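What follows is a set of notes on a single structure, which appears directly below.
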Amino acid sequence: MAAGPRIANPVRSAFAPGERDDTVVVSIGPSHPATHGTIQIFAELSGERVIRADVHCGYLHRGFEKECEAHTWHNCIPYMDRLNYCSPLINDFAYCDAVERLMGVEITRRAVVLRTLLSEYSRLCDHITCIAASLMELGAMTAFLYMVMIRDYMYEHIAALTGARVTHSYGRIGGLARDLPPGWLERLEEILVQYDDFVGRVHGLVDRNRIFIDRMRDVGVLSQADALSYGYTGPMLRSTGLALDLRKDTPYLAYPELDFEVPVGIKGDNYDRYYVRMREMDESVHMIRQCVEMLEPGPINVDDRRCSFPEKPLVYGEIESLINHFKLVMEGPKVPAGEIYVAHEGANGELGFYLVSTGEGTPYKVHCRAPSFVHMGGAHKMLEGYQLADLVPTFGSINMIGGECDR
């Protein structure tokens, strides 16, 4: 039989060539230190200027949303740590809050204040990581070492509470895994005092540094209209001048009782994003100290057998508690049928969880509204029209966390 006519390959290339013949298309990443190991940017260059950019967030091949459907509501918590692994406690608490609202559970006063305190502590770690990495990529090694040193103190301090430096798995449906160990609050104040000293040095090194200003000011500009159009939230949106913050606009936990400001930028450029995060860090320290003053003795878990594990001495000593513990582990909490969306102010923006329950001990659906994934959709807006060398500080100012982009 004679062969039929050949059909052209219908698959379109990832980045179609431009109309001009004096440009070149290059692939930046994913095996590039500044693209976090998963990001690939196809850039069309005219000399050193980026004419067009096509940003691909890549894959971590984890599929946590689908995995959650085969695990109990409790056993999904470790998956949340791996989303934004720079501020995992916020992930835990947002997910637990969503499940608790579906169940109609109201956590104890001590758990409310502790979750608020630890959320701000996590935000502090996240912003420090972002700024330190960005400064390092610009060659500011001294400032980087100051920031990373104080962050390491914080990591060790959180590990003393949760048992892990990064993947804490500290949140629990109905409360927290355990209470504060002796001396934890005293060490917290010591670290905050060191933070004030070290960050003050960083301000002195870079805020008015000519090289830093030239690399950051009027570079990577994102207009407020574009930020809203692409669904940007958090420091990225606030850098454009819009004071949108879920802690103020839809308050949760103990945030209605706290006194804090929402820092905003002016132009939405790299310098504004640096400024907003630095100011937010100071506000987080202020809130942490307020939470310490508000903290009162009391239980950290709600007294509700539907979700809270019995105390170990009771599990070992009475059959009712043993059965309760066994059923929570093997079958999971029975969450009433329904659906809900709950959002917390994550370090990078609106971190939301959409949950669907059929009344069983495992979720029917778990979906995460991850800010980093949303921000990748408009990243090209901040890269096009600027120098190739500007790509590194601009991408660093977005603070993309690969774990959130996992789909």
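None of the figures in this text is laboratory data; all of them are computed from the coordinates on show. Please read these numbers as outputs of a predicted model, since none were measured by experiment. Note that each Cβ is placed from the backbone with ideal geometry, even for glycine, and that neighbours are counted across all protein chains shown.
Here are the numbers:
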{"read-out": "Segment MET330-ASP226, length gained on full extension (0.36 nm per residue, minus Cα span)", "value": "32.7 nm"}
{"read-out": "Distant alpha-carbon pairs in the chain (separation over 38 angstrom), percent", "value": "26"}
{"read-out": "Gained length - THR358 relative to ARG305, 0.36 nm times residue gap less alpha-carbon distance", "value": "17.1 nm"}
{"read-out": "J(HN,Hα) series, the range 81-89, from Karplus relation 6.51 cos²θ - 1.76 cosθ + 1.60, nearest Hz, glycine and proline x", "value": "4, 8, 6, 8, 6, 8, 9, x, 5"}
{"read-out": "ASN209-HIS286 pseudo-label distance in nm [points 7 Å out on the Cα-to-Cβ vector]", "value": "2.6"}
{"read-out": "Rel. contact order, % - alpha carbon contacts under 8 angstrom, at least six apart, the chain", "value": "25"}
{"read-out": "Spin-label model distance (nm) - GLU261 vs ASP218, 7 Å beyond Cα toward Cβ", "value": "2.7"}
{"read-out": "Nearest-20 debye value, the chain charge dipole, Cβ charges on Lys, Arg, Asp, Glu", "value": "780"}
{"read-out": "Helix axis angle, 184-206 relative to the chain longest principal axis, alpha carbon, degrees", "value": "10"}
{"read-out": "ARG49 paired with GLN194, simple spin-label distance in nm, labels 7 Å along Cα-to-beta-carbon", "value": "4.8"}
{"read-out": "Expected 222 nm ellipticity per residue - DSSP helices of 4 or more, -39500 (n - 2.57), all of the chain, to 500", "value": "-14000 deg cm²/dmol"}
{"read-out": "Distance between the range 57-83 and the range 273-292 - C-alpha centres, whole angstrom", "value": "30"}
{"read-out": "Euclidean distance between Cα centres, the range 117-186 to the range 357-394, Å", "value": "22"}
